[in-house]
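So the structure is just underneath, and the comments pick up after that.
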């Protein structure tokens, strides 16, 4: 193992008990459970957290309002205090059943190859935003997707929902609990009669005119030049897996309303024996709190499988 970014426990030719691909909230949580069971653990991390665009995290018990990067940095520092943990900064580009029997081989972009008896995928997802000028630049700062994560901080102000499809109806009906809502259809969705009644009952204003750009904090500028000043804007993104590893391994996927995710059982085991998946890559929708919980379950389940053998595939 020649990678110069290798940190932690000394390298060995023996396979790790578990390799965790992804060192954000879910991966750190999974690794911590295995480390506390005194198992040899390797975390491979490419440094691309899904919420890296947001400065603060909300709704996570004891860390409400903490910096997103600070939570990860503190989690990593605590994890690396365990003597059996190793860390590699790099991107895992391939994974396959080990040629030497039990476990999996993981190859990094620089050619480094590591082997683990169990594999935990905490690889996350990538949000695909609609092509509206000014939207991407405000993503995570004044343009959001999770009301529970960011709605409260808008102080019951004017909130916009930019339609991307039928799922945006859900956003529009939820968000009046956080402020005064305007639903910008922008040609992406047209509510039927019953849905219009639901929107009216929730006090939602519907705007059908086409959107030209997002400006200011989160102002919605229409093609006719009119402008709607918003405290924040919510968009239902399409999420795609940030890594191809699950597909390469043959893990079964499910199609959720926001995109595909790895199908797992209640213990976060995938359909491939010995491969677990946690965090946003393995659920329909996520948050920091969900990711940490999923990671803890995946780590415990991976450890139990090392002790008692693998359960039937999900």
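Here, each number is a calculation from the coordinates, and none is a lab measurement. Since we're looking at a predicted model, the values are computed, not measured. Positions of Cβ are generated from backbone atoms using ideal geometry, with glycine treated the same way; all protein chains shown enter the neighbour counts.
Counting neighbouring Cβ atoms within 10 Å and putting the fewest first, the residues 149, 277 line up as 149, 277. Quote the relative contact order of the chain in percent (integer), defining contacts as alpha-carbon pairs under 8 Å separated by 6+ residues. So the answer I get is 21 percent. Spatially, region 265-314 and region 24-60 are offset by 14 Å when compared through their Cα centroids. Per-residue Cβ neighbour counts within 10 Å put 20, 71 in the sequence 71, 20, beginning with the fewest.
Note on the chain: helix-only mean residue ellipticity at 222 nm, from DSSP H runs of 4+ residues weighted -39500 (n - 2.57) and normalised by residue number, equals -6500 deg cm²/dmol. Compared with the dominant Cα axis of the chain, that is its longest principal axis, helix 68-79 is turned about 10°.
Result for the chain in a Gaussian network model with C-alpha springs under 10 Å: among 160, 247, 295, the largest mean-square fluctuation is at 247. Run the paramagnetic zone check for residue 48: 7 angstrom along Cα to Cβ, then residues of region 67-102 with backbone nitrogen under 13 Å. Of the residues in region 67-102, 90-94 have backbone N under 13 Å from the label point off residue 48.
Please arrange 266, 190 by how many other C-beta atoms lie within 10 Å of their C-beta, fewest to most. Don't jump to the answer; show the numbers that get you there.
Details: 266 8, 190 12.
Ascending number of Cβ neighbours within 10 Å: 266, 190.
At full extension, residue 152 and residue 209 could sit 17.7 nm farther apart than now, given 0.36 nm per residue minus the alpha carbon distance. Between residue 137 and residue 202, residue separation times 0.36 nm minus the direct Cα-Cα distance comes to 20.4 nm. Calculated from the alpha-carbon coordinates, the chain shows an Rg and a Dmax of 21.5, 66 Å respectively. Within the listed set 57, 24, 99, the Gaussian network model of the chain (springs between alpha-carbon atoms below 10 Å) gives the highest mean-square fluctuation for 99. Shape of region 130-235 from its Cα gyration tensor (a ≥ b ≥ c, root eigenvalues): rounded if a/c is under 1.5, otherwise prolate when a/b > b/c, or oblate? Here region 130-235 falls in the oblate category. Treating r as the C-beta distance of residue 253 and residue 109 and R0 as 25 Å, the FRET efficiency rounds to 0.60. Volume per residue for region 235-304 equals 81 cubic angstrom (convex hull of Cα atoms).
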